[in-house]
Amino acid sequence: VDLASYEGRPVWVVFWATWCPPCQQETPDLQRAWDANRDTGLALIAVNVQESADVANEYAATYGLTYRIALDPTAGAFRAWSVFGLPTHYFIGRDGRIKDRWFGPMSLDQMQQRLTLIEGT
C-alpha cells in the first residue's frame, strides 16, 4: 500500500490480527464506521500483521468486511510505524499528517470522534 496514492484524503490505518481478541471485539464497529464514512473520501486500511492472505481473507469473508485489508506478513510495517500492540489505530488528515493514534480497541463512538478530527482537515 502506497499512502501517497491517498493524497488529499483522510486515512485511517489500523493494525490487527485475526487471533487478537480485542481486534475481534472491534471488527463489527470498524465495518459500521467504514459504512457510515466511506462516502466522505475516507480510506480505511486494515493492516493484518504476521498472517497469511488466506487467513486474513477468510476472516474478512466471515465478517463481511468491505474495507481494504493489507498484509504485513513479516511485521515490517508494524515495526516501522512503532506499533507495540494490537489493535493500534492511526488517523491521518487530508494534509498527510498523523492527527491521532489510539492503542487498543475502540468503540463505535470513539471511532467516529477520531474520524471527525481527520475528515475536515
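The values are calculated or read from the model by the stated rules, or taken from the named source; none is laboratory data. All values reported here derive from a predicted model rather than from experimental measurement. Quick reminder, even Gly has a Cβ in these numbers, built from the backbone with ideal geometry, and neighbours come from all protein chains shown. With ligands, DNA and RNA removed, areas are computed over all heavy atoms of the protein, side chains included. Shrake-Rupley method; radii C 1.70, N 1.55, O 1.52, S 1.80 Å.
Would you mind giving the three semi-axes, in whole Å and largest first, of the ellipsoid equivalent to the chain according to its Cα gyration tensor?
Details: eigenvalues 85, 51, 37 Å².
Square roots of five times the eigenvalues give 21, 16, 14 Å.
Treating the beta-carbon of each Lys and Arg as +1 and of each Asp and Glu as -1, no other charges, what is the dipole magnitude of the chain about its Cα centre, to the nearest 20 debye?
Working: 10 positive and 14 negative charges, 68 e Å.
Dipole size: approximately 320 debye.
So what are the radius of gyration and Dmax for the Cα set of the range 46-117, in Å?
Here Rg and the maximum Cα pair distance are 13.2, 35 Å.
Go through the range 1-57 and name the chymotrypsin sites (Phe, Trp or Tyr not before Pro) that are in a DSSP coil and have 13 or fewer other Cβ atoms within 10 Å of their Cβ.
19
In debye, nearest 20, what is the charge dipole magnitude of the range 54-121 about its Cα centre with +1 on Lys and Arg Cβ and -1 on Asp and Glu Cβ, if you could check? Mind dumping the intermediate values first?
Numbers: 7 positive and 7 negative charges, 60 e Å.
With only Lys, Arg, Asp and Glu charged at Cβ, the dipole is about 280 debye.
Which distance in Å, rounded to a whole number, links the C-alpha centroids of the range 86-121 and the range 1-42?
Between the Cα centres of the range 86-121 and the range 1-42 lies a distance of 9 Å.
So for the range 27-67, Kirkwood radius off the Cα pairs, Stokes-Einstein at 20 °C and 1.002 mPa s: how many µm² s⁻¹?
194 µm²/s
Ignoring ligands, DNA and RNA, please state the percent of accessible area on the chain from carbon and sulfur, probe 1.4 Å.
Details: 3120 of 6160 Å².
Roughly 51 percent of what the probe reaches on the chain is carbon or sulfur.
Order of 20-29, 66-75 by packing, highest average Cβ count within 10 Å first?
On the way: 20-29: 16.6, 66-75: 15.0.
So the order, starting with the most tightly packed, is 20-29, 66-75.
With a 1.4 Å probe and every protein chain left in place, work out the accessible area per residue of the chain in Å², rounded to a whole number.
Normalised by residue count, the accessible surface of the chain is 51 Å².
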